[in-house]
């Protein structure tokens, strides 16, 4: 932990039931959920609010390839990369806020992160240079099996281990991919110890190929080419020299995610498909004994649609539309249709709002915190919008 955090240290009891209290007691918050529900923006807003209210240093790390975070933070797309960048205090001041701490942002660069991983774990300089120069590594390091998800976990662990940030908010890919995010260390370990990998490597470790496997390599040579198979074999032989480091780090990452210092924020809307996916992910977190800290429900209709008095007024307006239209100096038929449509629209929204309230009540039985964000007229594209959204989530 960074010394001198202004407020809400992990030793203090959090204020139960609010995102404010939840994040004050955590060092990592993993934001996950379906695509298209505002997850990236919610993660950035939560980080911005923590920087404003808790002090210390807060980092938001996005692994979302859509790259929307830079726009929301007022940075150019080229200005957000693998290296963390501090958001200037002027950006907050222009939004009418004075942060007690610092907000930093980064977006995962898979290739750059893999290169750093190789440099860190290679057993010697010669192996390191051979891996970095391998044609297969250069071509697929950004698209390797579970590459994006695994390196995101690795980067998160590295940033947390450095101890430079009081809170790291991680924005993950959409829900089903977020499960890959959690499974990536184990899948990478399984892949490097798989039978297929051993079959590819054996003839290049030894020139003795048994009769049973010889037809496989003859067919593979014809289809893929001898040089391609040699590149694959060299790549994985070299990578296996780092196998123990991979396995050790994968275990450490898994332990970190299940640590009390880490929490998960599931972001969703109340539409049918996103809700199902959010509930699926919430159940998966519980099964894995990971901390489901909050469900953030985005784009919720205002509470006045559920007001009974307002509903009665709308009903009266619809029932008396003909009388009211006749008393006005306009086309009575047209005015009546307008009044009835306005009343019906309000009542229909009221029905949707009541169903949303029921869904919220069901979601509230699972997480420690249920935060709701009202439906905004426009997209959140700057710090002012982020803080407005964050304020809706915060308390």
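Residues that are part of a helix (DSSP H, G or I) and surrounded by 16 or more Cβ atoms within 10 Å (Cβ to Cβ) were ranked within the range 82-110; the one that is modelled with the highest pLDDT is 92. Count of the range 70-106 residues, restricted to those that are more than 18 Å from residue 51 (Cα to Cα) and touching a helix residue (DSSP H, G or I) at 6+ places or on another chain (Cβ under 6 Å), is 3. Taken together, 275, 286, 295 contain a single residue that is in contact with a strand residue (DSSP E or B) (Cβ under 8 Å, 6 or more places away or on another chain) and exposed (fewer than 14 other Cβ atoms within 10 Å of the Cβ), which is 286.
Considering each residue of the range 37-70, count those that are modelled with pLDDT under 85, over 20 Å from residue 375 (Cα atoms) and assigned to a helix (DSSP H, G or I), and give that number. Within the range 37-70, residues that are modelled with pLDDT under 85, over 20 Å from residue 375 (Cα atoms) and assigned to a helix (DSSP H, G or I) number 1. Screening residue 132 on (1) under 24 Å from residue 40 (Cβ atoms); (2) modelled with pLDDT of 85 or more; (3) in contact with a helix residue (DSSP H, G or I) (Cβ under 9 Å, 6 or more places away or on another chain) shows it passes everything except condition (1).
The values are calculated or read from the model by the stated rules, or taken from the named source; none is laboratory data. What you see is a predicted model; the values in this text were computed from it and never measured. Positions of Cβ are backbone-derived with ideal geometry, glycine not excepted, and every protein chain shown enters the neighbour counts.
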